[in-house]
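Just so it is clear, none of the values below were taken in a lab; they were calculated from the coordinates. Remember, it's a predicted structure, so these values are computed and weren't measured experimentally. Don't worry about glycine lacking a Cβ; one is built from the backbone with ideal geometry, like all the others, and counts go over all protein chains shown.
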Amino acid sequence: MLESLRSSRRTLVGICVLWLLTISQPALWAQGTVDEGVGAEPQLVEPNEPKNPYEAYESGYYDRALEGFLDQEVERPDDERVRLNQGNALYRLQDFERASGTYQAVAGSESEIDPKLRAKALYNLGNTAFRQGKLPEAVEAYKRSLELDSQDQDAKFNLEFVKREIERQQQEQQQNQQDQQNDSESDQNQQQDS
């Protein structure tokens with residue numbers, strides 16, 4: 001009977017130790033699952049990992065989305081929608097230079113594409129130009145977009161916004177030049193009075 005009591009106590013202690021380890025350590029299952037390939041180190045996988053580039057994009061995994069869209073381009077090299085999506089992922093990754101090139105390629109594509117798709121590429125090109133501080137290029141892109149889709153309220157708004165921003169910058173530049181000229185004249189007057 002004494003042996004049975006000792007065995008029960010060891011079992012109870014073992015269960016308590018396992019329980020304490022479980023609650024004191026972050027649970028692996030809560031962080032993701034382990035994907036063990038042959039000869040590979042185990043890597044955690046996020047529990048809700050996107051299954052396609054569209055889900056990845058919507059979930060904010062723009063680098064994964066870009067990879068998926070690049071893979072799709074191999075499968076569908078003439079699909080301008082895939083290239084537009086690549087540009088969108090690059091834009092979200094703040095790689096504005098590459099996004100701009102991608103949008104330009106879609107907008108200038110020789111293939112027969114839906115004018116609204118071309119208009120979206122031009123609209124996005126305008127947004128990218130704005131982010132790069134290329135305001136005149138942004139205006140031109142928005143204008144070209146509106147030529148293809150005159151009902152696009154976002155393009156209209158952005159066009160007017162960028163035009164106002166150009167005016168504001170010009171006024172600011174003129175004010176700075178005037179201030180510099182006034183400072184220079186003031187300095188000359190002080191030197192003459194001395």
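State to the nearest 20 debye the size of the charge dipole of region 42-168 about its Cα centre, where the only charges are +1 on K and R beta carbons and -1 on D and E beta carbons.
The dipole of region 42-168 has a size of about 540 debye.
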Relative contact order of region 80-164, defined on C-alpha pairs under 8 angstrom at six or more residues apart (%): 23
Starting from the Cα-Cα distance between Glu112 and Asp149, subtract it from 0.36 nm times their residue separation and give me the gain in nm to one decimal. 11.7 nm
Using alpha-carbon pairs under 8 Å, 6+ residues apart, how would you state the relative contact order of region 44-104 in percent? 24
